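Everything on this sheet refers to the single structure shown next.
The values are calculated or read from the model by the stated rules, or taken from the named source; none is laboratory data. Because the structure is predicted, anything quoted here is derived from the model rather than measured. Methodologically, a virtual Cβ is constructed for each residue, glycine included, from the backbone with ideal geometry; neighbour enumeration extends over all protein chains shown. Heads up: the accessible areas ignore ligands, DNA and RNA and are worked out on the full protein's heavy atoms, side chains in. Shrake-Rupley method; radii C 1.70, N 1.55, O 1.52, S 1.80 Å.
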Amino acid sequence: MQSTSLLAVVAGYSALLAFGSSLAGAERLERHQRLVEQIRSGLSTGAISLPLPQALGVQAALVPGESRNASPTLSLIDGSYWLTSRSALPSLVASSVLLEVRQNITSSIQSERRDQLLLIAVAGMSLLLVSLLFRVVLWRGLMKPLQSLSDELSRLTADSLGQQSLDPVGQSRELQPIVEAFNQLQSRLAEAWQRERRFVDGVAHELRTPITVISGHAQSLQVELHEASQAKLALIGAEAERLGELVTVMLDLARSDAGRLTLELESLDPELVLLDAYERLQALAPDRLRLAPPFEAEMPRITADAERLQQCLAALVDNALAYSAGKVQLAVSASSDVVTLHVRDQGPGIPEGERAQVLERFVRGSTSIGTRGSGIGLATGKLLMEAMQGELRIGDVPEGGADLQLRFKILAPPPAQ
């Protein structure tokens, strides 16, 4: 926009310069023609005789030639500009003699060039002034309002949609229609978001009751029925429990999206957290789940939600047991600023190019083909870790396999002995 305006100004001054130059040239030719007519008239009446006085800056002479109409020519002689023309005299119309008139127009051309330089200087100053004024107008009329609008938009969150409408009165006239359209869009999005949130919350809560009833009756019937039926009831109970866990995870995801995920943060001993997880999960695979030896140095404490952290470890252990056939080890390590809880398996691992993808919802890696899963276990772990100001990373085990890591920054030094 600015470059277009400057080009328009340049084009305007260029046209003015060209017009002024053309006008000055036409005026010189007209003056020269009048001068020639005066000399011809004076020679015819005898009022003027040749040669003319040199002080006039005009030279006239009779030269041989044929009578013809030719435009005056401009020539540079010894640093001076001369305008020369030839014409026939009325008294010598039958002869081959022409009147040659040369007029010194150096002062006229120099004056024209001074005017042109002055116009160029004025044009340059005008361009500079227009550029500065345009920057001020652009900043105050467009850039500053856009920056203010951008700041207001950046403060909006999914949970505050429809609650913080933008004020169109405080915006520039050009931005007011955009702000009003955005407020209308925000209202529609807020309404759709509220409907989705109520739907997810309602479905999650409504599903919990029948799932609990199915699981409870399956456990009761296992005691009463014969062995063949007990295996079927055990499968029903396991699937009901799995469905209940899935509903819980979906409810957590919905609460996180709505900004309503609550945490109870406290100072925890990482080694005790890992031991608790091992005791809880050891029954899932007694012959596969292993607990690494204690960390040799003093272990710093971490800040996290104990129940949510156990939920993360359970999701990682379940993932490792499902996608590998060997041992699964729980371990803890620490560096100068990070404490890491490890869940290491002996499976095929996760290719580096897929690690960011498998942390997204409902995405499974290429090594999960042929295994059962929902694709939200790692995504839930990532979500909970971010809520606890931690990080879920995927690494490699040197001997082969995946190393799923829950990393916490050390917020306080280890307790003194």
Worksheet item: So, in region 292-333, of the ones that are of a type in the set (A, V, I, L, M), in a loop (DSSP other than H, G, I, E, B) and at pLDDT below 90, which residue ends up nearest to Q389 (Cα to Cα)?
Response: M299
Fill in: Residue list for region 169-200, filter: modelled with pLDDT under 70, under 16 Å from D151 (Cα atoms) and assigned to a helix (DSSP H, G or I)
G170
Practice prompt. Filter region 133-161 for residues that are modelled with pLDDT under 70, open to solvent by 40 Å² or more (accessible area, probe 1.4 Å) and in contact with a helix residue (DSSP H, G or I) (Cβ under 8 Å, 6 or more places away or on another chain) and give the result.
Written response: L138, A158, L161
Discussion item. Cβ-Cβ distance below 6 Å, separation of 6 or more or different chains: which pairs start in region 96-124 with a residue that is part of a helix (DSSP H, G or I) and end on one that is of a type in the set (G, A, S)?
Written reply: T106/S80; E112/A24
Worksheet entry | Leading residue by the ranking (modelled with the highest pLDDT) among those in region 381-417 that are exposed (fewer than 15 other Cβ atoms within 10 Å of the Cβ) and within 13 Å of M299 (Cα to Cα) | K409
Discussion item. Filter region 291-307 down to the residues that are open to solvent by less than 50 Å² (accessible area, probe 1.4 Å) and of a type outside the set (V, I, T) and list them by number.
Written reply: A292, M299, P300, A304, D305, A306
Worksheet item: Of all residues in region 271-290, how many are farther than 23 Å from I410 by Cα, in contact (Cβ under 8 Å) with a residue 12 or more places away in the chain and either open to solvent by 60 Å² or more (accessible area, probe 1.4 Å) or among the polar types (S, T, N, Q) (or both)?
Response: 3
Worksheet item: Restricted to region 25-58, and to residues that are under 60 Å from the mean Cα position of the chain (by Cα) and of a type in the set (G, A, S), which residue is farthest from Y81 (Cα to Cα)?
Response: A26
Fill in: Single condition S324 does not satisfy, out of (1) more than 15 Å from L281 (Cα to Cα); (2) surrounded by 16 or more Cβ atoms within 10 Å (Cβ to Cβ); (3) within 40 Å of the chain's Cα centre (by Cα)
(3)
